[in-house]
Structure formats: C-alpha cells, structure tokens
1. Given R₀ = 41 Å, what would the calculated FRET efficiency be for ASP222 paired with GLU319, taking r from the Cβ atoms and rounding to 0.05?
2. Per-residue HN-Hα couplings for segment 206-211, Karplus 6.51 cos²θ - 1.76 cosθ + 1.60 at θ = phi - 60°, whole Hz, x for Gly and Pro?
3. If you line up the long axis of helix 266-293 against the longest principal axis of the chain, both from Cα atoms, how many degrees apart are they, to the nearest 10?
4. If the reach is capped at under 24 angstrom between alpha carbons, list the lysines near LYS328, excluding any in the same chain fewer than eight residues apart.
5. Would you mind telling me the share, in percent, of accessible area of segment 135-200 contributed by carbon and sulfur at probe 1.4 angstrom?
6. I'd like the orientation of helix 249-260 relative to the chain: the angle between its Cα long axis and the longest Cα principal axis, in ° from 0 to 90, rounded to 10.
7. Give the residue list of trypsin sites (Lys or Arg not before Pro) in segment 208-298 that are DSSP loop and have at most 13 other beta-carbon atoms within 10 angstrom.
8. Given the chain, what percent of its DSSP beta bridges are antiparallel, to the nearest 5?
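The values are calculated or read from the model by the stated rules, or taken from the named source; none is laboratory data. As the structure is a computational prediction, the values presented were derived from the model and not from experiment. No Cβ is skipped: glycine too gets one built from the backbone with ideal geometry, and neighbour counts run over all protein chains shown. We work out accessible area using only protein heavy atoms, side chains counted, and drop any ligands, DNA or RNA first. Shrake-Rupley method; radii C 1.70, N 1.55, O 1.52, S 1.80 Å.
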Amino acid sequence: MKTVVSGIRSTGNLHLGNYFGAVKNFVQMQNDNNCFFFIADWHSLTTHPTPEDLHINVKRVLAEYLACGIDPEKATVYVQSDVPEIPELYLLMNMNAYLGELERTTSFKDKARKQPENVNAGLLTYPVLMAADILIHKAHQVPVGKDQEQNLEMARKFARRFNNIYGEETFPIPQPYSYTGEFIKVPGLDGSGKMGKSEGNAICLVDDPKDIRKKVMKAVSDSGPTEMNQEKPEPIQNLFTLMDIVSTKDTYDFFNDKYNNCEIRYGDMKKQLAEDIINFTSPIRERILDIMQDDAYLHKVTKMGAEKARESAAKTVEEVRRLIGFRKF
Ligand code: TRP
C-alpha cells in the first residue's frame, strides 16, 4: 500500500474546478492508499492572515473536504498545526537547504513580487516546510497540480540530500501522483481558460442557488451560430463542457443538436445548465453548512486525525534525530 500525502491550502472556497480537478480524485485515492490529508495552516501564515481569518479559513476548508467525501475513517485528516513533529523536521531540513536554491524557486519569486512589503523568511523556506509535510510520513506519492510541481521537486531534492548525508534508505523519493481517473479540466464562465478563483469565473460548492443562476446567466457567450454544424468558439465550447460534466447525456445532446441546427437559445441552455449545477452542488452545499455548525464533529475529526498523524510523524522524527546524532544522556 502506498503512502500518499497532500496538503490543502486554506484560502478561498472550493469551486467546481477544484472538485473535478482534485478533490474527486482524493476521494478515490483514500480507498486504496494510506492517505494523509491535512490543512496547511502554517503555510498560510506566509501571507499574514488575521487571527480570526486563520481559524475560519481552516474550518471552512475542512468542512468542504469532508462534505465532498473525504472520509476521516479511511484517510488521516488533520490540521498541520496539530502536529508539532512537523516543525522539528522542518528545522532539521532547513540546515541542509540553501539560500540560493530557495531564492530561485518560482513560487518564492512570484510571492516576493506580489507582496514586496512582506518577503518573510517563511516565504523563502516554504518548500522546506512542504518537504517536511511530505517526508514526515515517508510519502511515496503526492498529488499535486501544475503550480506545485517545483515545490515537489524541491522535496525530492531534500529527501535525496538527506539520504546521501545520513543513510540511503531513510526517505522514499516522493513521486507525483498520477490520477487513474480521467483528469477533467473544468472551464470558467468568463469565456476563456479554466475555472479559477477570479471574480465571476468560478462556481463555488457553497454558492446558493440564486448566486449560481446569476453567475451562469452572466457567462460569456456570443450571438449564436450562423452555419450548420459550425465549430464552437471557446466561450460556447466551455458552456458545453460544463454541461457535459453536470447534465445528463440527453440534455447535452438536445442543446448540441440545437446548436448544430442554428436554433440554439443560449438563455435556455444557461437556465438548464444552472439547474443541473444546482442539482449537483446542493447536497454538497447542505453538508458543508451542516458540518460548519457541528463543532463537536470537527473536534472529533481533528483530534483523531492529529493522533494518527502524530503517531506516524513521531516515528520519523525519532529516526531522523538518531541519524543526525542526537543522543539522550
Ligand atoms: N503548497 C501546497 C499548495 O499551495 C499546499 C501544501 C503544503 C502541500 N504542504 C504540502 C501539498 C504537502 C502537497 C504536499 O497547494
């Protein structure tokens, strides 16, 4: 059985793109792997959230993942800051992480450009903390999106370096997890590109039906096809792709035929699309809202997760300490 580790960023609400691009795969993975899923709240400090924001962000993203089907009985679900073994490994890994390589990381350069008033050391050593998250459980695989590939590459480098210095077999070299399921790229509503966090482009799982209708009705379209079986321009293709994901085949075929016969009315199509999205998100949204109210459940989940994660982490830290040369008197 493979050990899989993934950190979850605690910023922004989950949207349909996150769901089909990642979360749905997590729900699959937990069935046949030893999965550790955690909320990366220490990482979030690199952008200086207020104390109130910090907690509510963790709570929201936890509730959202649980509502999507992450199962704390199958996977180890925890909050990063509940596991003090992680910062110990982070401190030790920092001793073999070099300023030059950290400064060259794309994500560091991006962040430094975005928040020039706050280029803190946490930002610089972000990949070291991420490596500690991964190596603490001796992960074999890490499911990461494109934007995290370089950080995973750093984790691999730090693992190899540690193995070279202290002993070949300490850490498995973590591989990027390749999804077995189909990788679905969900388009956004603003006519081009994928669904992201930008205003108006994304439908969040927690959006209420009224908001979903409003967003879908405002989605970019055009004045309609003028020739039979015309190729679909990107904004129109995007609406069809969304429909393909959330609607029945009959519904999709119905509007596709209308398009091909130049009889399509985008208003009708969007109305249907909005209702089908609502049908899909409503049960998840209700679960999110229920879980957000249920502090006792969240307490239970995070306590159990922290215990399981610490048990695994403590073993690694003990071994690492011994290898580095720490001895008890
Ligand atoms: N940096 C990741 C992101 O922004 C979150 C993360 C933190 C992570 N630690 C991790 C992902 C460990 C995978 C493994 O999405």
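1. So, using R0 = 41 Å, E works out to roughly 0.10.
2. Residue by residue, segment 206-211 yields 8, 4, 7, x, 4, 5 Hz.
3. Approximately 30 degrees, to the nearest ten.
4. By straight Cα distance, LYS328 reaches LYS315.
5. On the way: 1720 of 3510 Å².
Of the solvent-accessible surface of segment 135-200, carbon and sulfur hold 49 percent.
6. Result, in degrees: 60.
7. Passing both the DSSP loop test and the Cβ count: LYS218, ARG265.
8. Here the share of antiparallel DSSP bridges comes out near 15 percent.
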